[in-house]
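Right, one structure below, let's go through it.
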Amino acid sequence: MTDIAIVDYGMGNLHSVSKALEHVAPNASVVITSDPAVVRKAARVVFPGQGAMPNCIRELDVRGLRSAVMEAAANKPFLGICIGLQMLFEMSEEGNVSGLGIMSGKVTRFPALTMKDDSGRKLKVPHMGWNQVHQATEHPMWADIANDTRFYFVHSYFVEAANLEAITAYSYYSFPFVCAVAKDNIFAVQFHPEKSQAAGLTLLNNFVHWEPN
Amino acid sequence: MGLAKRIIPCLDVTNGRVVKGVNFIKLRDAGDPVEISRRYDEQGADELTFLDITASSDDRDLILHIIEEVATQVFIPLTVGGGVRQVADVRRLLNAGADKVSINTAAVLNPQLVADAAACYGEQCIVVAIDARQVHDTSTNSVHWEVFTHGGRRATGLDAVEWAKKMALFGAGEILLTSMDKDGTRDGFNLSLIRAVSEAIDIPVIASGGVGNLDHLVEGILQGQADAVLAASIFHYGEYTVRQAKEYMTQHGIEVRL
């Protein structure tokens, strides 16, 4: 049986996620898969994503993965990363596409033209680099990670969660935005733990050991 | 509080070794790429950039093996460039463990490559590298910057600022901007070039070429308005650690990841 399935719907590069998980769980079986049956049988599911959300949703459906992902999000430890966070929401401004609707709220683009830092300098989009993650709630996934630790981000869109109770962390880029949500067995982050050095590996290690109630 | 400015050590790699050139030409050995990558990661580097300067395409697989090995040990973003000519090259590098691929000459020869690669793998992993040389226009007594390709040997007639804007439109996620006049001189960045490009585009700009001390890094951010600074020799030969650079930048009011 597969311990951890990384859902591959043909968008982008999943090797970094896989290598980081193998590093924290050397004895686990970690597979990159586009087979819904493998996703269904896995003990834990990682739902990553890169690129444009309309393409991601389309490719997910082309491979028949939508229902397997929906089931995993309903009943086993589930980690969404980047577009894998955004796709959980109801809709995205990116191509005005519908998401999976597992979380309520929408995905919005950073308004580059109006964004300035504290010194009045214009801010770039994509939001790329290391930003502080401010933990809004306690969660087993934050174990051994200090509040305001920096993680690596690269994205042009962010989620506006309608259910405030699901928000578990914020970051600040001209304004505060939601960078992590948690609901039951779902934990999903805008940043890339697989590229966030020690802090990222700690978060992935927490995921490998996480037993949601 | 917010996004940190990045420090990116750059490793020029040929025949499996890290080397450092002066003005793109003379090379000297700086060590083993995997060992150097690990050291910079421990010192707090925010990303690593590898430029494959191997002349012969027969030896290109060497860089893939190096990236594969680094990617199992170092969990920060890895950018790889050099000899990327088609989408298949981008795929091979991403599959080896690169997170971003840098495209230089091929983007000038075929700008559509940037759009195609961004459509396939996302803008976040496409870096367009621009090598620019300052040109003094005697008729207007002003300067502009011209794009060069083929490792800095061939003039293109393209204006660097306009080219950066076009590449941002085509789907580049980031611009790696090298001043060829400054590269290897240890004289500091060409700040007017960096600033002109950074102000003209919305995507991040990595300043490159000319770093000889820690003040140069500070200038690149504060005066050049760069989002990240790239340097090679000041780190390779142990003059400064990445951590010292970050502490120095913090003292000058720049937000970094410590």
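Look at A:Val133 and say whether it is aliphatic (A, V, I, L, M) and touching an Asp or Glu at 6+ places or on another chain (Cβ under 8 Å).
Numbers: aliphatic (A, V, I, L, M): yes; touching an Asp or Glu at 6+ places or on another chain (Cβ under 8 Å): yes.
Yes; evaluated as a whole, the condition is true for this residue.
Residues to consider are A:Ala28, A:Ala5; find the one that is within 17 Å of the chain's Cα centre (by Cα) and not in a helix (DSSP H, G or I). Steps first, answer last, please.
On the way: A:Ala28 fails: within 17 Å of the chain's Cα centre (by Cα).
From the options A:Ala28, A:Ala5, the qualifying one is A:Ala5.
Is there any pair with a first residue in segment A:133-148 that is closer than 15 Å to A:Ala188 by Cβ and a second that is crowded, with 17+ Cβ neighbours inside 10 Å and hydroxyl-bearing (Ser, Thr, Tyr) whose Cβ atoms are under 7 Å apart and which are 6 or more apart or on different chains, and what are they?
That search, which allows pairs on different chains as well, returns A:Val133/A:Thr149; A:Val133/A:Ser171; A:Gln135/A:Thr168; A:Ala136/A:Thr168; A:Thr137/A:Thr168; A:His139/A:Thr168.
Quick one: in segment B:197-210, which of the residues that are surrounded by fewer than 22 Cβ atoms within 10 Å (Cβ to Cβ) and within 21 Å of B:Ser142 (Cβ to Cβ) is farthest from the other protein chains (Cβ to nearest Cβ)?
Pass one, segment B:197-210, residues surrounded by fewer than 22 Cβ atoms within 10 Å (Cβ to Cβ): B:199-202.
From what is left, the residues that are within 21 Å of B:Ser142 (Cβ to Cβ) are B:199-201.
Details: B:Glu199: 8, B:Ala200: 11, B:Ile201: 8 Å.
The selected residue is B:Ala200.
Would you pick out the residues in segment B:97-144 that are assigned to a strand (DSSP E or B) and under 27 Å from A:His127 (Cα atoms)? Spell out how you get there, then give the answer.
Initially, segment B:97-144 is screened for residues assigned to a strand (DSSP E or B), giving B:100-103, B:126-137, B:142-144.
Result: B:Lys100, B:Val101, B:Ser102, B:Ile103, B:Ile126, B:Val127, B:Val128, B:Ala129, B:Ile130, B:Asp131, B:Ala132.
Specify which of the listed residues (A:Ser119, A:Ser104, A:Ser98) is within 14 Å of another protein chain (Cβ to nearest Cβ) and surrounded by fewer than 18 Cβ atoms within 10 Å (Cβ to Cβ).
Among A:Ser119, A:Ser104, A:Ser98, only A:Ser119 is within 14 Å of another protein chain (Cβ to nearest Cβ) and surrounded by fewer than 18 Cβ atoms within 10 Å (Cβ to Cβ).
Could you check how many residues of segment B:117-157 are surrounded by fewer than 17 Cβ atoms within 10 Å (Cβ to Cβ) and of a type in the set (D, E, K, R)?
3
I'd like to verify a number: residues in segment A:175-196 that are touching a helix residue (DSSP H, G or I) at 6+ places or on another chain (Cβ under 9 Å) and surrounded by fewer than 24 Cβ atoms within 10 Å (Cβ to Cβ), how many?
7
Residues to consider are B:Ala172, B:Ala168; find the one that is within 12 Å of another protein chain (Cβ to nearest Cβ), in contact with a strand residue (DSSP E or B) (Cβ under 9 Å, 6 or more places away or on another chain) and in a loop (DSSP other than H, G, I, E, B).
Numbers: B:Ala168 fails: in a loop (DSSP other than H, G, I, E, B).
Just one listed residue meets the conditions, B:Ala172.
Could you tell me which residue of segment A:122-138 is nearest to the other protein chains (Cβ to nearest Cβ), considering only residues that are outside any loop (DSSP other than H, G, I, E, B) and among the aliphatic types (A, V, I, L, M)? Talk me through it step by step, then tell me what you get.
Filtering segment A:122-138 for residues outside any loop (DSSP other than H, G, I, E, B) gives A:122, A:127-135.
With among the aliphatic types (A, V, I, L, M) added as a condition, the list becomes A:128, A:133.
Values: A:Met128: 5, A:Val133: 12 Å.
Among residues in segment A:122-138 that are outside any loop (DSSP other than H, G, I, E, B) and among the aliphatic types (A, V, I, L, M), the one nearest to the other protein chains (Cβ to nearest Cβ) is A:Met128.
Scanning for something touching a residue at least 40 places away in the same chain (Cβ under 8 Å) and part of a loop (DSSP other than H, G, I, E, B), does segment A:197-208 turn up at least one residue?
No: segment A:197-208 contains no residue that is touching a residue at least 40 places away in the same chain (Cβ under 8 Å) and part of a loop (DSSP other than H, G, I, E, B).
Within segment B:203-258, work out how many residues are of a type in the set (Asp, Glu), at pLDDT 95 or above and over 23 Å from B:Val101 (Cβ atoms). Reasoning before the result, please.
Start the filter on segment B:203-258 by keeping residues that are of a type in the set (Asp, Glu), which leaves B:215, B:219, B:227, B:239, B:247, B:255.
Of the ones still in play, those that are also at pLDDT 95 or above are B:215, B:219, B:227, B:247, B:255.
Narrowing further to those that are over 23 Å from B:Val101 (Cβ atoms): B:215, B:219, B:247, B:255.
Counting residues in segment B:203-258 that are of a type in the set (Asp, Glu), at pLDDT 95 or above and over 23 Å from B:Val101 (Cβ atoms) gives 4.
Among the numbered criteria (1) over 20 Å from B:Ala228 (Cα atoms); (2) surrounded by fewer than 21 Cβ atoms within 10 Å (Cβ to Cβ); (3) at the interface with chain B (Cβ under 8 Å from one of its Cβ atoms), which one does A:Gly200 miss?
(2)
In segment B:221-258, which residue that is away from chain A (no Cβ under 14 Å) and within 20 Å of B:Leu177 (Cβ to Cβ) is farthest from the chain's Cα centre (by Cα)? Working first, answer last.
Within segment B:221-258, the subset away from chain A (no Cβ under 14 Å) is B:231-241, B:244-245, B:247-248, B:251.
So of that shortlist, the ones also within 20 Å of B:Leu177 (Cβ to Cβ) come out as B:231-235, B:245.
Numbers: B:Ala231: 9, B:Ala232: 10, B:Ser233: 14, B:Ile234: 15, B:Phe235: 15, B:Ala245: 18 Å.
So the residue we want is B:Ala245.
The values are calculated or read from the model by the stated rules, or taken from the named source; none is laboratory data. The shown structure was predicted, so the numbers you read here are calculated from the model rather than taken from an experiment. Every residue, glycine as well, gets a Cβ built from its backbone with ideal geometry; the counts of neighbours run over all protein chains shown.
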